[in-house]
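Structure record follows, encoded as structure tokens.
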Amino acid sequence: MNITIVDYNSGNISSVINSFNEVVKDKINIEVTSDLDKIKSSDKVVLPGQGSFKSCIDALNKITGLKDILNEFVITNKKPLLGICVGFQMFADVGYEEIETKGLGWISGKVSKINNHNGKFKLPHIGWNQINIVKESKIFQNIENNSHMYFVHSYEFIPKEKNVISATTNYSSNIVCSVEKENIFGTQFHPEKSDKIGLKIIDNFINL
Amino acid sequence: MLKNRIIPCLDVKNGRVVKGINFVDLKDAGDPVEQAKIYSDGGADEICFLDITASNENRDIIYDVVKKTSKKCFVPLTVGGGIRSVDDINKLLNCGADKVSINTTAVENSKVVVDSSKKFGSQCIVVAIDAKRNGDKWEVFTHGGRNNSGIDALEYAKQMEENGAGELLVTSMDRDGTQAGYDIDLMSKISSEVNIPVIASGGVGNLEHLFDGLKLGNASAVLAASIFHYGKYSIKEAKEYLNSKGIPIRL
């Protein structure tokens, strides 16, 4: 099996690489690349992302053909992809961070700023929060409901189709923190920074 | 519900922990990688390294420490000390740091905060404020507390939020090393001044001080060094205590 972590200058991805290497323990090849052929021939793809929605989409668009290859991988070939943080937010049709920016459109919806109720809730939403699992998801196998995950974000993904939501977390309101739509998986939290339980989620994705 | 965080901080000098955990099962009491692992296994919500290496020539050592630690610890890792440029930040992040803490440079050249938060995202930029009381206000100090910038700490905190800092690490210089507790007044004032999380630091002597920092100081997280060193308290004991007092904690 081949797993590719897409390296498209989307910010710091060292922790994502380290966590996947920790889970596979040299048994599976983890490729970190933006090489289109390598992505195409992978069995699974991880799409990380840090910084703003716009900066990640811009970085993705800068690599000629990357968006098309990802579309083909996910929509045509229906192979598994895991988006993390902004990598997950980019599934949306549109994002409103900095300026209105078109997303990948894989899961209908928008990404907008968390309502902080006039400063009552500090932003970014940083730290460990519990996830409320609302539907079974393959990446949540052996993950207990109300487990703690590490979050750091100021924007939230609001999907149109509620049936894709697999978990929410409470911070000023119920924030969507995980989705599963057929072969598409995404988490707002950082499994790579959520200790053993986060590594279990990565393990579940690898073993899909 | 979002939990308050406990962040043990390790002072690292030339690649070795200066004050460390005095556990018998430690193979090497000065190894930051091993100590960070013990803290993360013990339930630390984040790990903080403060590089106090004096010379620039030895700068590469901290990169190596961060690289090794990030392969073993899967909780957020913050690194501070001696950061001067966007390039320094880039190097630390590439080595596996999740956040960097900027102190003197943020005062002297706030453009680094603006540029790095744009480039890497606010989530990884922590501005460290060393504040000392002067009458009814606090002034920001730089260079490890040696130089008084004369800048008002509350105004500075607000300005750093605008510059793109994702968090503020506030250390009371009056309390640091005294074990008399955090400067609650300072913490609560800064916390109400900004809409980003505040990490309280400086002066912890016992577990009640952690409680005060979170409850009265309104901090989102508490950073402590000496109470966790030499095994005075474990992270677990601290968390159980705070939990019993009704503080939201990840157990």
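The values are calculated or read from the model by the stated rules, or taken from the named source; none is laboratory data. Fair warning: this is a prediction, and the values are worked out from it, not measured in the lab. Every residue, glycine among them, receives a Cβ derived from its backbone with ideal geometry; neighbour counts consider all protein chains shown. SASA here: full protein model, heavy atoms, side chains in, ligands and nucleic acids out. Shrake-Rupley method; radii C 1.70, N 1.55, O 1.52, S 1.80 Å.
Structure data summary
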item	result
Antiparallel DSSP beta bridges within chain B, percent to nearest 5	25
Full-extension gain in nm, A:Lys67 to A:Lys27, via 0.36 nm per residue minus C-alpha separation	11.5 nm
Normalised contact order of chain B, rounded percent, pairs of Cα under 8 Å and 6 or more residues apart	19
Other protein chain Cβ atoms within 10 Å, averaged over every residue that makes up A:168-174	1
B:Lys137-A:Tyr96 FRET efficiency (beta carbon distance; Förster radius 41 Å; 0.05 resolution)	0.60
Most to least accessible of A:Tyr155, B:Tyr233 (protein chains only, probe 1.4 Å)	B:Tyr233, A:Tyr155
Built amide H within the under 5 Å cut-off of B:Lys13, gap 5+	B:Val18, B:Ile52
Other-chain or far-sequence residues with amide H under 5 Å of A:Gln188's (modelled H)	A:Cys85, A:Ser178
Derived scalar couplings ³J(HN,Hα) [the stretch B:89-102; Karplus, 6.51 cos²θ - 1.76 cosθ + 1.60; whole Hz; x for Gly, Pro]	5, 4, 4, 5, 5, 5, 7, x, 5, 9, 9, 10, 10, 10
Span from the the stretch B:199-219 Cα centroid across to the the stretch B:38-74 one, whole angstrom	24
In nm, spacing of pseudo-spin labels at B:Glu240 and A:Ile158 (7 Å Cα→C-beta vector)	4.4
Extension gain (nm, one decimal) between B:Asp152 and B:Leu216, 0.36 nm per residue minus Cα-Cα	20.9 nm
Fluctuation leader among B:Ala200, B:Ala180, B:Ala238 - chain B, Gaussian network, Cα springs under 10 angstrom	B:Ala180
Listed residues A:Ser55, A:Ser14, A:Ser41, most fluctuating in chain A (Gaussian network, C-alpha, under 10 Å)	A:Ser14
Integer Hz, Karplus 6.51/-1.76/1.60 couplings in order for the stretch B:63-78, x for Gly and Pro	4, 5, 4, 5, 4, 5, 5, 5, 7, 10, 10, 10, 10, x, 10, 10
Stokes-Einstein diffusion coefficient of the protein assembly as shown, Kirkwood radius over Cα pairs, 25 °C, 0.890 mPa s, in µm²/s	110
Within the accessible area of the stretch A:2-206 (1.4 Å probe), percent carbon and sulfur	45
Convex hull (Cα only) mean projected area of chain B, reported in nm² to one decimal	12.3
Chain A: Rg to Rh, with Rh as the Kirkwood radius over Cα pairs	0.93
Cut-off of 10 Å, at most 16 other beta carbons, DSSP loop: longest stretch of chain A lacking such GluC sites (Glu not before Pro)	A:1-97
Antiparallel bridge percentage (DSSP; both residues within chain A; nearest 5)	60
Per DSSP, loop trypsin sites (Lys or Arg not before Pro) in the stretch A:104-182 with at most 15 further Cβ within 10 Å	A:Lys120, A:Lys135, A:Lys160
Mean Cα-pair separation over length for the stretch B:1-130, i.e. relative contact order, pairs under 8 Å, 6 or more apart, %	20
Cut-off under 5 Å, modelled amide H: who pairs with B:Gly205 long-range	B:Gly181
Fraction of antiparallel bridges per DSSP, the protein assembly as shown only, in percent to nearest 5	40
Lone cysteines, chain B (no partner Cβ under 4.7 Å)	B:Cys73, B:Cys95, B:Cys124
Exposed-loop-free span, longest in chain B, where trypsin sites (Lys or Arg not before Pro) count as exposed if DSSP calls them loop and at most 12 other C-beta atoms lie within 10 Å	B:28-145
Sum of side-chain charges, A:His125 neighbourhood, beta-carbon under 13 Å (Lys, Arg +1; Asp, Glu -1)	+3
Sequence-separation-based contact order of the stretch A:2-206, relative, with Cα cut under 8 Å and 6+ spacing, percent	20
